[in-house]
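A.B. asks: After the structure tokens below, expect a handful of questions from me.
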Amino acid sequence: MVSDAKWLNITHWGGKEVKFKALHKVIDNLDEPIKKGIDAIYENLLFESPPMPPPPKYIINEVKYKKTTTTISKGVWRNMISKKITKSGASQMMEEWIEHNLKEIIADKNLVYDIFINSETFLTGVSKGGKKIEVFKLTKNAKVLTETKF
């Protein structure tokens, strides 16, 4: 997936060296069928505790695609996160939704807890053909906060 390449090639964050490893199946094809739940989880292999942030130990990433090659405003991306309440009791990328989906895909309860408390959430917007990739920090309530530059 184009967004995987973006995250896996980040080498510095806030002046610190980082190296992300995907904890999910990396997809190379933009036409791959959409799956439900968390799109991507990355672990920072160079994480130093404390302090957090930056950079976080884990990234939980939601990926959205747009059919235009132009820059897309944060308002457009904000509207692409689903507000539908799921069986988790929350909508997409909210804390309750993330916790529920982590438990669905990871059997190790300690790892679920570690990811949940040591992660930050992001929305990666990808334009047609992957020509433009924009990354936005999300709040715990899945609101688009700021564009993140690396």
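No lab work stands behind these numbers, since they all come straight from the coordinates. Remember, predicted model here, so these are calculated numbers, not experimental data. Cβ sites come from the backbone with ideal geometry, for glycine too, and all protein chains shown count toward neighbours.
A.B. asks: Just subtract the alpha-carbon distance of Lys149 and Glu95 from 0.36 nm times their residue separation and send over the number in nm, one decimal. Mind showing how you got there, number by number?
C.D. replies: Values: separation 54, 0.36 × 54 = 19.44 nm, distance 2.37 nm.
Value of the extension gain: 17.1 nm.
A.B. asks: Taking the mean number of other Cβ atoms within 10 Å as a proxy for protection, how do you rank 58-65, 4-11 from highest to lowest? Intermediate values should be presented prior to the final figure.
C.D. replies: Details: 58-65: 21.9, 4-11: 15.6.
The packing order, highest mean first, is 58-65, 4-11.
A.B. asks: Please arrange Leu111, Leu123 by counting, for each residue, the other beta carbons lying within 10 Å of its beta carbon, fewest first. Present the calculation step by step, with values, prior to reporting the outcome.
C.D. replies: Working: Leu111 14, Leu123 28.
Final ranking by Cβ density, sparse to dense: Leu111, Leu123.
A.B. asks: Same structure, new question: For an R0 of 30 angstrom, estimate the FRET efficiency from the Cβ-Cβ distance between Lys131 and Lys21 and round to the nearest 0.05. Please list the in-between numbers first.
C.D. replies: Numbers: r = 26 Å, r/R0 = 0.87.
That gives a FRET efficiency of 0.70.
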